[in-house]
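Okay, structure first, notes after.
Nothing in this text is a laboratory measurement; each read-out follows from the coordinates by a stated rule. All of these numbers come straight from a predicted model, not from anything done at the bench. Ideal geometry is used to build each Cβ from the backbone, glycine not excepted, and the neighbour counts take in all protein chains shown.
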Amino acid sequence: MGALVSLISALASGEAMAALHRARTTAILYGLAAVFALCGVGFLIGAAYIWLAARYGPLANSLGFGIGFLVLAGLVLVIHKLTTSMRGRRRARRRQADMTALGVTAALALLPALAKSKGGLGAVIAPALAVVAYAIYRENAKSNPPKPDPEDLP
């Protein structure tokens with residue numbers, strides 16, 4: 001039995017090492033492709049600059065390219081801000097749903113043990129009433145804006 005476990009673990013670890021090697025090779029190749037693509041884009045921008053400079057003059061062309069890249073930078077920042085806030089809200093909803101599911105699961109798991117205990121039904125009803133009262137309080141309380149997540153900060 002021990003030899004079989006040893007053989008299976010060796011096979012699994014060898015497969016894991018092979019997968020890690022393939023992933024590392026793929027990451028390096030994608031990195032090189034990205035560098036070459038960025039060089040190609042840079043040369044295309046340079047060619048466009050030369051062509052437009054011959055047409056409109058170097059000063060007007062430099063101003064146009066500068067303003068264009070600043071507008072693109074602003075658009076990237078605005079899109080990032082919008083998607084970050086959407087992701088934060090989605091993460092908060094998911095956290096709330098997970099905590100609710102965890103609480104319900106814990107309550108259902110403890111219910112038989114609490115029902116058999118000395119306190120009996122009173123030990124079950126008092127926390128349930130507290131949970132219901134807290135839910136009513138949260139529903140009627142004013143909602144404050146959520147604090148930013150540390151992951152969302154630049």
Taking θ as phi - 60°, what are the ³J(HN,Hα) couplings along the stretch 79-92 by the Karplus curve (6.51, -1.76, 1.60), each to the nearest whole Hz, with x for Gly and Pro? 5, 4, 4, 5, 5, 5, 5, 5, 5, x, 5, 5, 5, 5
Fewest to most neighbouring Cβ within 10 Å: what's the order for T26, T84? T26, T84
